[in-house]
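Everything on this sheet refers to the single structure shown next.
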């Protein structure tokens, strides 16, 4: 299921003609497909894989560390990306952010 979400997210980026790596410029605001449900399907999928591996391995510390991982993703990755998208796309991004949750 998570791989399917990653592929759907990548497909939407490719269809819009924008870059996938967050280190490259964004050329289009993607708001359809999986992006109608979550603003961050790539990060959501990675988080769910991390959590699933921790549960499957019965690793107490992996599961406990999911909270700091969420904090790092939110503050160190997503927040800067959202500031960038707001500067680049303005009102269109602000409207999208109001409509669609960050995670789910």
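Check segment 91-100 and report whether any residue there is within 14 Å of the chain's Cα centre (by Cα) and not in a helix (DSSP H, G or I). Within segment 91-100 (the criterion being within 14 Å of the chain's Cα centre (by Cα) and not in a helix (DSSP H, G or I)), the answer is yes, since at least one residue qualifies. Just give me the residues in segment 1-29 being at pLDDT 85 or above and outside any helix (DSSP H, G or I), in sequence order. Answer for segment 1-29, where residues must be at pLDDT 85 or above and outside any helix (DSSP H, G or I): 17, 18, 19, 20, 21, 23, 24, 25, 26, 27, 28, 29. Residues in segment 21-45 that are without any contact (Cβ under 8 Å) to a residue 24 or more places away in the chain and surrounded by 13 or more Cβ atoms within 10 Å (Cβ to Cβ): 28, 30.
Would you be able to say whether some residue in segment 52-60 is surrounded by 13 or more Cβ atoms within 10 Å (Cβ to Cβ) and more than 17 Å from residue 103 (Cβ to Cβ)? Yes, the conditions are met somewhere in segment 52-60.
The values are calculated or read from the model by the stated rules, or taken from the named source; none is laboratory data. All of these numbers come straight from a predicted model, not from anything done at the bench. Counting neighbours? That spans all protein chains shown, and the Cβs are built from the backbone with ideal geometry, glycine included.
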